[in-house]
Amino acid sequence: MLLNSSAGGDSGESHGLQEDPTSPFLGKSALTEALAIDKELLEEFRFGQQQLIEIWGHACAMAVTKVFPRRSLPRKQPTLLVVCGCEQNGAVGLACARHLRIFEYEPTIFYPKRSSNPLFRDFTTQCEKMDIPFLSYLPAETQLISDAYNLVIDALLGVEATPGELPEPFGTILATLKQIRIPLVSLDVPSGWDVETGTSDGISPDVLVSLAAPKQCATRFVGKHHLLAGRFLPYDMQKKFELNFPEYPGTDDVVSL
């Protein structure tokens, strides 16, 4: 999701977003709808931006543990690489890495362009204080990545990015991620995808973790596992935005779609 407390729209109006009332997906105007959900979370329900990033980061880490339990990993060491961008999706990736470290995985973070947002810098500090290593560069030779890690988490671009030619270093990083042969997990929107129409020149993740609600582009996801981290979304909001989520199992905060 993209948090923006200044997003337009009257939070009291009826949205009628879904063409299919049985679908958990946002409609064809996915970015507008995502902004409307964020606006209501921040302004009406008084969630804080850091609070939501923390909720999503924890849920994403739980999704990773469900799909890739430590004992199932091919390498003796439960290593994984988290590739973070400078916007909100990158902050979610940082929170995810910290929770995975708590769950006794061994994350390494590649964070090539650090955010100047003080809210996001706090997540960086937390990872550093937990002795999570940060890479100074991403190897262009993808075999080196495959030899070192069990999987890669893509928190590079997300909803914030506009598809097309990317500024460096993101264009080069995206080109490298496309060549990854170990499992790839994308958070919310796979990097390089249009949030509404899907991919034209993006990556092909094995796992997608949608935040709050699946975006319209997720209908084009063909990987093995699609999970939703949206249990925290108040029922009144689910009803208002016509989101027909499946039942979450037990006390889990993620569910498979």
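The values are calculated or read from the model by the stated rules, or taken from the named source; none is laboratory data. Only a predicted model underlies this, so the values are computations on that prediction, with no experimental measurement involved. Every residue, glycine among them, receives a Cβ derived from its backbone with ideal geometry; neighbour counts consider all protein chains shown. Surface accessibility is based on the protein's heavy atoms, side chains included, excluding ligands, DNA and RNA. Shrake-Rupley method; radii C 1.70, N 1.55, O 1.52, S 1.80 Å.
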Can you tell me the 0 to 90 degree angle between the C-alpha axis of helix 30-43 and the longest principal axis of the chain, rounded to 10? 80
Derived scalar couplings ³J(HN,Hα) [segment 144-159; Karplus, 6.51 cos²θ - 1.76 cosθ + 1.60; whole Hz; x for Gly, Pro]: 5, 5, 4, 6, 9, 10, 7, 7, 10, 9, 8, 10, 7, 10, x, 4
Reachable lysines from LYS178, criterion Cα separation under 22 angstrom, eight or more residues apart if same chain: LYS113, LYS215, LYS224
Residue-normalised accessible area of the chain, given per residue in Å² at a 1.4 Å probe: 45
Would you work out the relative contact order for the chain, in percent, from Cα pairs under 8 angstrom that are 6 or more residues apart? 22
Restricting things to alpha carbons, find the Rg to Rh ratio for the chain using the Kirkwood radius for Rh. 0.94
Non-local amide H neighbours of HIS226 (under 5 Å, H modeled in plane, Pro and chain starts lacking H): which ones? LEU208, LEU257
Over the chain, cysteine residues that find no other Cys C-beta under 4.7 Å are CYS84, CYS86, CYS127, CYS217
Given a 10 angstrom Cα cut-off, can you work out which residue in PHE123, PHE45, PHE134 is the most mobile in a GNM of the chain? PHE45
Segment 30-256: antiparallel bridges as % of DSSP beta bridges, rounded to 5, reads 15
Could you point to the residue in SER210, ALA59, GLY48 farthest towards the positive end of the chain's charge dipole, with +1 and -1 charges on the Cβ of Lys/Arg and Asp/Glu respectively? ALA59
Amide H contacts under 5 Å for GLY192, placed H, 5+ residues apart: GLY158
The chain, dipole about Cα centre (Lys/Arg Cβ +1, Asp/Glu Cβ -1), debye to the nearest 20: 940
Give me the percent of the accessible area of the chain that comes from carbon and sulfur atoms, probe 1.4 Å, all protein chains in place. 48
Using a simple charge model, +1 on the beta-carbon of Lys and Arg, -1 on the beta-carbon of Asp and Glu, nothing else, what dipole does segment 71-145 show about its Cα centre, in debye to the nearest 20? 100
HN-Hα J couplings of segment 170-176 from phi, Karplus 6.51/-1.76/1.60, θ = phi - 60°, integer Hz, Gly and Pro as x? 5, x, 5, 5, 4, 4, 5
Charge dipole (debye, nearest 20) of segment 156-218; +1 at Cβ of Lys and Arg, -1 at Cβ of Asp and Glu: 240
Over all directions, segment 116-257 yields a Cα convex hull whose mean projected area in nm² is 10.5
Helix 49-67 against the longest principal axis of the chain: what's the angle in degrees, Cα atoms only, rounded to the nearest 10? 60
Built amide H within the under 5 Å cut-off of PHE134, gap 5+: ILE109
